[in-house]
Structures are given as structure tokens and as C-alpha cells.
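The values are calculated or read from the model by the stated rules, or taken from the named source; none is laboratory data. Just so you know, these numbers come straight off a predicted model, no measurement behind them. With ideal geometry, Cβ positions are generated from the backbone for all residues, glycine too; neighbour counts draw on all protein chains shown.
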Amino acid sequence: MHRTAAPGRNRNRSLLGLAGAAALAIAMAGCSTPAAEGETSGGEVVFADYGGPTNESRQIAYFDSFQDETGTRVVSASLQDAIMYSMLEGEEGDYDLIQVSSDSLIKYKENLAVLPDGVPRADTFPEEIQDYAVGGFLIGITQGWLTDTFPDGGPQDWADFFDTEKYPGKRAWPGAPGSYDASFELALLADGVAPEDLYPLDLDRAVAKLDSIRDDLVFYESYPEVQTLLSTGSASIAVSVTGQFTALMNQGLDVTVQWNEAFLSPNFFVIPESAENKEAAYELATWLADGERQAVFTERTFYGPANEATFDYLPEDVASKLPGGPGNDGSLYFDEQYRADYLEELTSSYTEWLAG
């Protein structure tokens, strides 16, 4: 009898245990430049994300100018699972804004701050998350490769991704317990499950499919590692958010992104009720919603924008390359409510699978 994700299990203690030491301190990186001489500091706001080129693009599109205009220092922290989950569950912590996806927002809504009136909402996102979502963007979870790796054409779907004889080489795969992305869904699609039949997820079947290519997987624990794995030839294909492929393109590499059966998901930041600097976080939220600034971020990352006004500043050739953009047919969406309801089970199961 196949096992499907079910509620009622406690959060995997090993997940928090593995990251427990991280709760004692944040690895701060990529802080904004100091306020201009003579300016009065407006304090600081701690912004926790996954680093890499996406964070660099935020610095350029938002953070540097925000600090120059307001005197408030933006401190960019590398997101740690232990601190994140603790704050989402209502405990105190060091973050003021935390990057999450819709399932986490739905699950932990009661511990999140509602944006005040006057702070622009992410109007391209579902209405039920707009009162909480800050600095949003639409990500695509896809497979990508250096084009010359498969000169005759690469994988067309996830079944092809799992076909290591037809498309040889290592596969870069998510290796952080809290960042399983679409791993179970991708495995089930590769095993022949139709998109409309994915939920509830059959975890036994998904794990069996993942096990079938485990020896061909190279696990990464941070998104920027994807760029290294592909550019050095350590992996032939990668599963990742599309921003990592964009970063390689920005370096002049020819990269193919396969949009068929890609998963699209709104990502954004939330402000925990326990955040110490909520007023500064609200001010930053307004800054992040500006369409012209979002256009700068969008052109650098090729993530879809959260505010409709952004499209007024984007050329058509950019809009057509965005997640969910024209010409990128064949993409899928998560059942976010299901993933929220069974978040503990999914995280626990993926942690157990990674541990072998």
C-alpha cells in the first residue's frame, strides 16, 4: 500500500537539530554600503534570503538606494532553517523579513504581520496572500544545462531527466532539507503520473523514483552552487530556480532552460510578528513594490514581477522570457494548500531521504 503525505507528525527534530547551532548566530553577508556621510541612520532591517546572484540583484535594484534615501541599513543574512522556522512558529529571532513560498505563508499566517494600509500589495499574486507578501517574484523550478552538453537537443520532460542512458551525466539536485522545492512532484511526473493526478503525493512512489538515480545525483546546499556544478562540468543537468541559469547567461554562457513541466511558484518575504524592526520592514516593503525598481530586478534575474506596474518598464523580449511569460507554455503550478497542510510531512520525508 503506497504512503501519501499525511498530517499529525511532529516537525522533524533532526532538521532543527542539524541547524540548531545556526540559531545562535546569523552568517551575515553582503551588507549594504554605509549611509552617506552626514546622514542620520534610520536603524537597520535584517533581510534573510538564499544569497547568490538574486541577493546581488536586490542590492542593486533596491537596497543601495533604500539606504541612501532613508539612512536605514539593510543587513543581508544567509537564511538558516532553525531561525526561520522558530520565527514562523512565533518565537523571537534575528530576522525582520524571511523569504518563503506560499505554502509556508498559509501554514504560519497567524504568526505573520499584516501589511499596513498604504503599503502596495503584490497584485499579480493570489489575493489570499497579498496582505502578507513583501518584495515578491514568480520563480520557475526547471531543468537547465549548458547547450553544448546536448548538441542534438536535451531532455524534453522529467522522464527524460531521469533517463541517464539517453542523457548521460550527473544531475545537480537540491540537497538542503528545507529546500526540497519540487523534488517529489518531479519524481512522480518522471514516473508517469499525470499533472492533474499529482496530489495527494504518493511519497513511497516518489522516493523509489528518486532512489533510481541517486548515484547520478550531485547534491547542492545553496543555489549558487548550481552555477559552479554546471560551468565546471561536474553536472550535466541541474534542477534549480531559473535565476541560477540566468546568472550563467549573464556570464556569457549558452544555457538551455526547459519550461515544459516546470513548476511556477510565487516567492516573497514575510515579516514575522516577532520581528524587532517591523516599522523599517514596512518602509522597505513599500520600496520593494515600486514598478521601476522591480523592473531592474526582473531584467537581472528573469523572475516574474509581483506588481503589474512593472510591465510598464519591461521590453517585450524580456517579458517573453519570464516564468509564466508568453511562449513558456507547459508550466505547472503547485497545489499550495496541500503543500501547506502537509509541510511537516514533506520536510520530514525529504530529510529522511537525504540522510539515506
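For the reader, a short list of remarks on this structure follows.
- Residue check, PHE219 in the same structural domain as ALA247 (by TED's automatic domain parsing), part of a helix (DSSP H, G or I) and of a type in the set (Phe, Trp, Tyr): no
- For beta carbons closer than 8 Å, sequence separation of 6+ or different chains, a first residue in the stretch 177-190 that is in contact (Cβ under 8 Å) with a residue 40 or more places away in the chain and part of a helix (DSSP H, G or I) and a second that is crowded, with 23+ Cβ neighbours inside 10 Å and of a type in the set (S, T, N, Q), the qualifying pairs are PHE184/SER349.
- The stretch 110-163, subset β-branched (Val, Ile, Thr) and in a loop (DSSP other than H, G, I, E, B), residue farthest from SER212 (Cα to Cα): VAL119
- Condition check for ALA340: surrounded by 23 or more Cβ atoms within 10 Å (Cβ to Cβ) and either on the phi > 0 side of the Ramachandran plot or of a type in the set (A, V, I, L, M) (or both): no
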